[in-house]
Amino acid sequence: MSKEKTQQELLLQEQLFKALKTEDTALNAKKISRACEGIAESVIDLSNDQSPTTASLYVSQMELADLNTKDLAKVTTIIKNSFPGDKHREFREIVDAPLLQHLVMEEAIERQVGLDDSRYNADYRKLEELSNPNDPKKAIDAMLRDKRVAQQAEFEEKGKKAAGVSAGYVAKDELGNTFILKHFYKTHAACQKIQDNNARKQAIADRRDGVQELIGSTMYQFLLHDRAPKEGLVKADEKHPDSLYVRSKFFDNAVTLTEFSGLSDQTRVRANDQNLKKLEGFEKAIAACHMLGEVDYHAGNLMMQDGKTITKIDHGRSFLAFHKDFGSMIQLTNEMFAHPGVGYNAAIKAGNFSFSIDKYSESLNQMISQFDEKQMEAIVDQKIDEL
């Protein structure tokens, strides 16, 4: 980082903090400071590079800050005023996006007007048309639900959860989107009340996995963007006050890597399946798993979307396998790839699958530079507040 960039970033961070501080700032100064630091850093990066990656990181930082309309408008104005002139026009348009989306969702729900209403400008109509031209309010509700704590009554059960050992079920929302709802208990004490020993142990494991899934999913979305499913917390109905759910939204046009290779009810790939050759994104998914301490990346937890792109699902075993050195991590990865229940090495040796060290290294280095302890702490704090 250059000296000029450091000074500009610190100045912007100071301006944002002054704008967001309140009378009770002492109570949440750390949270505000962390949010301002993350936003300022992402803004400086975005000012130098308006790529989809840096734009996505900026939007993610704004979402993590969880600002109300007034504060979001303040922050947006400060950022735009810091970068005047025609050369920053594209940058300012990207900076506007979080506030624009927030206003669209807020005002459309409040006013419930149609897309042809004169009170909407062209940008508002365009955003809503992209969401759902037939029913913008339902589409906006869905956008909000992706980011907030939902209620169990908003989902209609459609079947049992097919894979894994944790409790839960498959459900649909009113727009027809499909989710897996994974059950866990709010407290350890609630788990201990279960009389059956095996059921009690499973409940304790589900609770651990549920919390790790909730926290890990947000971090995976930060690292992989649209290659990780949208997940969030669901409050159980009144009949089950001790329960919570993590909802995971199904990908469109996607199957597990196991199914794509021609197998079913397994966690490995079929080594002689030549269709594996055309897949992309494997190295990026593994890099994200390494960043978040997970080794549960068998072929049942990786999906193939749209016939080519590998995505990552099921993050309940995150944060369980961190390493002191790179060598031990690579050794464990090789053991995982070679495991007969996974089969990656067998497919690689057969010439039907590949793992590029260069692509992996590039993805890992990018994630390390973009995702640090401050962002991780911000996500953990946000999810603790939800719980």
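Between 368, 330, 384, which is aliphatic (A, V, I, L, M) and farther than 19 Å from residue 222 by Cβ? Answer to the check: 330.
One residue stands out in the range 63-86 among those that are in a helix (DSSP H, G or I) and over 19 Å from residue 9 (Cβ atoms): the one that is farthest from the chain's Cα centre (by Cα), namely 86. The condition of being over 21 Å from residue 170 (Cβ atoms) and of a type in the set (D, E, K, R) holds for only one of 231, 280, 259, that being 280.
Within the range 264-273, the residues that satisfy the criterion of being modelled with pLDDT of 95 or more and not basic (Lys, Arg) are 269, 271, 272, 273.
Just checking, does the range 341-358 include any residue being surrounded by fewer than 18 Cβ atoms within 10 Å (Cβ to Cβ), among the polar types (S, T, N, Q) and either closer than 30 Å to residue 49 by Cα or in the same structural domain as residue 204 (by TED's automatic domain parsing) (or both)? Within the range 341-358, one or more residues are surrounded by fewer than 18 Cβ atoms within 10 Å (Cβ to Cβ), among the polar types (S, T, N, Q) and either closer than 30 Å to residue 49 by Cα or in the same structural domain as residue 204 (by TED's automatic domain parsing) (or both).
Would you confirm whether or not the range 255-275 contains a residue that is out of contact with any Lys or Arg (no Cβ under 7 Å at 6 or more places or on another chain), at positive phi and in the same structural domain as residue 356 (by TED's automatic domain parsing)? Yes: the range 255-275 contains one or more residues that are out of contact with any Lys or Arg (no Cβ under 7 Å at 6 or more places or on another chain), at positive phi and in the same structural domain as residue 356 (by TED's automatic domain parsing). All told, residue 143 meets the bar of being over 23 Å from residue 301 (Cβ atoms), out of contact with any strand residue (DSSP E or B) (no Cβ under 6 Å at 6 or more places or on another chain) and either modelled with pLDDT of 95 or more or not β-branched (Val, Ile, Thr) (or both).
Yes/no matrix, rows are residues, columns are (1) aliphatic (A, V, I, L, M); (2) modelled with pLDDT under 85; (3) over 19 Å from residue 7 (Cβ atoms):
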residue	(1), (2), (3)
43	yes, no, no
47	no, no, no
52	no, yes, yes
57	yes, yes, yes
63	no, yes, yes
67	yes, no, yes
71	no, no, yes
81	no, no, no
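Tallying residues that are within 25 Å of the chain's Cα centre (by Cα) and not in a loop (DSSP other than H, G, I, E, B) within the range 185-202 yields 1.
For first residues located in the range 346-375 and touching a residue at least 12 places away in the same chain (Cβ under 8 Å) and polar (S, T, N, Q), partners that are in a helix (DSSP H, G or I) and exposed (fewer than 14 other Cβ atoms within 10 Å of the Cβ) and lie 6+ apart or on another chain with Cβ distances below 6 Å form the pairs 352/274; 352/277.
Given the condition at positive phi, in contact (Cβ under 8 Å) with a residue 12 or more places away in the chain and surrounded by fewer than 20 Cβ atoms within 10 Å (Cβ to Cβ), answer yes or no: does some residue in the range 52-70 qualify? The answer is yes; a qualifying residue exists.
The values are calculated or read from the model by the stated rules, or taken from the named source; none is laboratory data. Owing to the predicted nature of the structure, the values given are computational and were not obtained by experimental measurement. Because the Cβ atoms are built from the backbone with ideal geometry, glycine has one as well, and the counts that use them run over all protein chains shown.
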